[in-house]
Structure formats: structure tokens, C-alpha cells
Amino acid sequence: MKRLHQRDSEPPAHHAESPGRRALLARGAGVAAGLVGLAAAVPGRAQAAPIAPAAGTAQSNWRFCPKCYTMFFYGYADNGRCPAGGAHSAQGYNFIVPYGGPETPTAQSYWRFCPKCYSMHFEYYGPGPCPAGAGHTEQGFVFVLPHDVAATPTSQSNWRFCQKCFVLFFYGYPDNGHCAAGGAHSAQGFNFVIPHA
Ligand SMILES: [Zn+2]
Ligand SMILES: [Zn+2]
Ligand SMILES: [Zn+2]
């Protein structure tokens with residue numbers, strides 16, 4: 001289980017949610033823009049887990065970063081780029097994230113891996129700011145995240161979309177971590193429920 005860390009928290013910049021945009025998020029279905037780069041390989045990357053062949057329908061090794069609260073892919077040696085400085089750090093559950101399926105009333109598509117910062121981020125709005133510089137890019141699977149369903153012993157709720165940097169972050173702490181757009185993440189839209197081991 002995760003433990004509450006006392007941090008020097010910045011005041012959340014835009015903590016107020018705008019329920020009106022929930023509908024906008026839900027309309028992500030059916031647009032083919034998200035498929036660009038699906039099969040793009042990165043030469044020289046030996047541990048190419050996010051671009052593995054289509055064996056199975058979910059990918060493990062997604063983790064919570066206790067520095068920035070972002071969900072990131074833990075399958076590479078260097079752990080990407082953390083908006084709190086340095087690389088991400090893994091804590092807690094080993095999340096197993098579904099990919100490749102259709103969007104449904106309780107599952108949202110267009111979630112992707114960023115090969116620059118290793119975050120799970122929503123690409124439908126275009127590139128959000130990446131802690132590695134410029135915008136996030138997309139590689140590998142198109143993930144489809146369950147939302148607004150009951151959590152179980154093997155799934156965790158309170159994962160949210162950050163409307164400032166477009167990553168998936170854990171909303172269970174009062175300070176909301178560190179955002180690549182400055183300050184803390186800001187939650188909007190669905191309450192994602194992510195399966196874990
Ligand atoms: Zn981090
Ligand atoms: Zn990124
Ligand atoms: Zn953010």
C-alpha cells in the first residue's frame with residue numbers, strides 16, 4: 001500500500017474541476033488520429049516492451065512515481081524523466097494496463113507511452129508538455145483505461161487525467177505531485193481504475 005509522504009507542497013494551481021469537459025473526454029472514440037506511430041520502433045532499444053508484438057491484451061510494469069505521482073513505465077533501466085527532477089522512482093503496485101481494445105462507456109482509449117519521459121499520457125488533445133522538453137510523443141500500444149467502475153482487490157481507483165500536462169496521475173494525496181506544466185497536477189474528467197498484480 002502507498003504511504004502518505006509529507007512534501008513541501010505547492011498550492012494546486014487549478015484544482016477546480018470542470019465537469020463540462022468530462023463529456024469532451026468521452027468523445028475520444030472513433031478518431032483515427034491516435035493510431036499514428038503505433039508500430040514505430042526505436043532502434044537500439046533492447047528492452048522494447050512498449051512496442052512488443054501483440055501478445056496478450058495488457059502490459060505490466062507500469063508504476064506510481066512518489067516524486068511526481070505520474071504513472072510511468074518501469075521497463076527500462078533509466079526510468080525516464082521526472083518533472084520533480086531526475087528520473088522517476090517506482091513505488092507500490094505493479095499495474096497491468098489493458099491495451100488495444102475498443103473504447104466503451106467505462107473504458108477510454110488514446111492513452112499512450114511517451115518514450116521521452118516514460119509517462120502514461122492522453123494524446124487526444126495533442127502533445128502536453130513533457131518533462132524531457134517540448135511535448136510528449138507516442139510510441140507502442142494504444143492503452144484503453146477502465147474508469148468509473150468499482151475498485152477491487154486487484155485494481156486501484158483515483159487515477160486521473162492532468163489537464164495541464166495530460167499524464168495519468170494518482171489523485172490520492174492532498175498535494176497532487178509535480179506537473180511538467182509547473183506546480184502540481186490538476187485532475188479532470190474520469191476516475192480511472194487501473195488493474196494491478
Ligand atoms: Zn516522477
Ligand atoms: Zn513525455
Ligand atoms: Zn500535470
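The values are calculated or read from the model by the stated rules, or taken from the named source; none is laboratory data. Because the structure is a prediction, the values reported are computed rather than measured. Note: ideal-geometry Cβ built from the backbone for every residue, glycine included; neighbour counts use all protein chains shown.
Looking only at the range 107-126, filter to residues that are touching a residue at least 12 places away in the same chain (Cβ under 8 Å) and assigned to a loop (DSSP other than H, G, I, E, B); which one of those is farthest from H185 (Cα to Cα)? I'd like the intermediate steps shown before the answer.
Keep residues of the range 107-126 that are touching a residue at least 12 places away in the same chain (Cβ under 8 Å), which gives 107-125.
Now drop any that are not assigned to a loop (DSSP other than H, G, I, E, B), which leaves 114-118, 123-125.
Working: C114: 17, P115: 20, K116: 19, C117: 16, Y118: 17, E123: 17, Y124: 18, Y125: 17 Å.
Out of the qualifying residues, it is P115.
Only one of these conditions is not met by R63: (1) at pLDDT 95 or above; (2) closer than 21 Å to C179 by Cα; (3) within 15 Å of ligand 2 (Cβ to nearest atom). Which number is it?
(3)
Residue by residue through the range 144-176, note down the ones that are touching a Leu at 6+ places or on another chain (Cβ under 9 Å) and surrounded by 24 or more Cβ atoms within 10 Å (Cβ to Cβ).
L145, W159, R160, F161, C162, L168
Provide a single number: the residues in the range 109-125 that are under 25 Å from P66 (Cβ atoms) and more than 16 Å from ligand 3 (Cβ to nearest atom).
2
Could we say that C179 is closer than 21 Å to N94 by Cα and within 16 Å of ligand 3 (Cβ to nearest atom) here?
Details: closer than 21 Å to N94 by Cα: no; within 16 Å of ligand 3 (Cβ to nearest atom): yes.
In short, no.
Please go through the range 127-138 and give me each residue that is farther than 18 Å from C65 by Cα, within 14 Å of ligand 3 (Cβ to nearest atom) and either in contact (Cβ under 8 Å) with a residue 40 or more places away in the chain or in contact with a helix residue (DSSP H, G or I) (Cβ under 9 Å, 6 or more places away or on another chain) (or both), ordered by number. Working first, answer last.
Start the filter on the range 127-138 by keeping residues that are farther than 18 Å from C65 by Cα, which leaves 127-128, 133-135, 137-138.
Cutting the leftovers down to within 14 Å of ligand 3 (Cβ to nearest atom) gives us 127-128, 135.
Scanning the range 127-138 gives a single hit, G128.
State yes or no: is R63 crowded, with 23+ Cβ neighbours inside 10 Å, among the charged types (D, E, K, R) and either more than 16 Å from ligand 3 (Cβ to nearest atom) or in a loop (DSSP other than H, G, I, E, B) (or both)?
Values: crowded, with 23+ Cβ neighbours inside 10 Å: yes; among the charged types (D, E, K, R): yes; either more than 16 Å from ligand 3 (Cβ to nearest atom) or in a loop (DSSP other than H, G, I, E, B) (or both): yes.
Spelling it out, R63 is indeed crowded, with 23+ Cβ neighbours inside 10 Å, among the charged types (D, E, K, R) and either more than 16 Å from ligand 3 (Cβ to nearest atom) or in a loop (DSSP other than H, G, I, E, B) (or both).
Which of the residues spanning the range 68-87 are away from ligand 2 (no atom under 11 Å from the Cβ) and assigned to a loop (DSSP other than H, G, I, E, B)?
Within the range 68-87, C68, Y69, Y74, G75, Y76, A77, D78, N79, A84, G85, G86, A87 meet the criteria.
Scanning the range 66-86 for residues that are more than 16 Å from ligand 3 (Cβ to nearest atom) and among the hydroxyl-bearing types (S, T, Y), which turns out surrounded by the fewest Cβ atoms within 10 Å (Cβ to Cβ)? Explain how you work it out, then say what you get.
Filtering the range 66-86 for residues more than 16 Å from ligand 3 (Cβ to nearest atom) gives 73-79, 86.
Next, from what is left, pick out any that are among the hydroxyl-bearing types (S, T, Y): 74, 76.
On the way: Y74: 20, Y76: 18.
Result: Y76.
When you scan the range 75-90, do you find a residue that is more than 23 Å from Q188 (Cβ to Cβ), touching a helix residue (DSSP H, G or I) at 6+ places or on another chain (Cβ under 7 Å) and not acidic (D, E), even just one?
Checked against the condition, which is being more than 23 Å from Q188 (Cβ to Cβ), touching a helix residue (DSSP H, G or I) at 6+ places or on another chain (Cβ under 7 Å) and not acidic (D, E), the range 75-90 yields at least one hit.
Say we look at the range 112-140 and pick out the residues that are out of contact with any strand residue (DSSP E or B) (no Cβ under 6 Å at 6 or more places or on another chain) and among the aliphatic types (A, V, I, L, M); which of these is surrounded by the fewest Cβ atoms within 10 Å (Cβ to Cβ)?
Selected residue: A134.
Applying the selection to the range 87-111, what residues are surrounded by fewer than 18 Cβ atoms within 10 Å (Cβ to Cβ), within 16 Å of ligand 1 (Cβ to nearest atom) and not hydrophobic (A, V, I, L, M, F, W, C)?
S89, Q91, G92
A quick yes/no check of all residues on (1) within 15 Å of the chain's Cα centre (by Cα); (2) within 16 Å of ligand 1 (Cβ to nearest atom); (3) outside any strand (DSSP E or B); (4) basic (K, R):
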residue	(1), (2), (3), (4)
P131	yes, yes, yes, no
V142	yes, no, no, no
L145	yes, no, no, no
T152	no, no, yes, no
S157	yes, no, no, no
C165	yes, yes, yes, no
F169	yes, yes, no, no
Y173	no, yes, yes, no
N176	yes, yes, yes, no
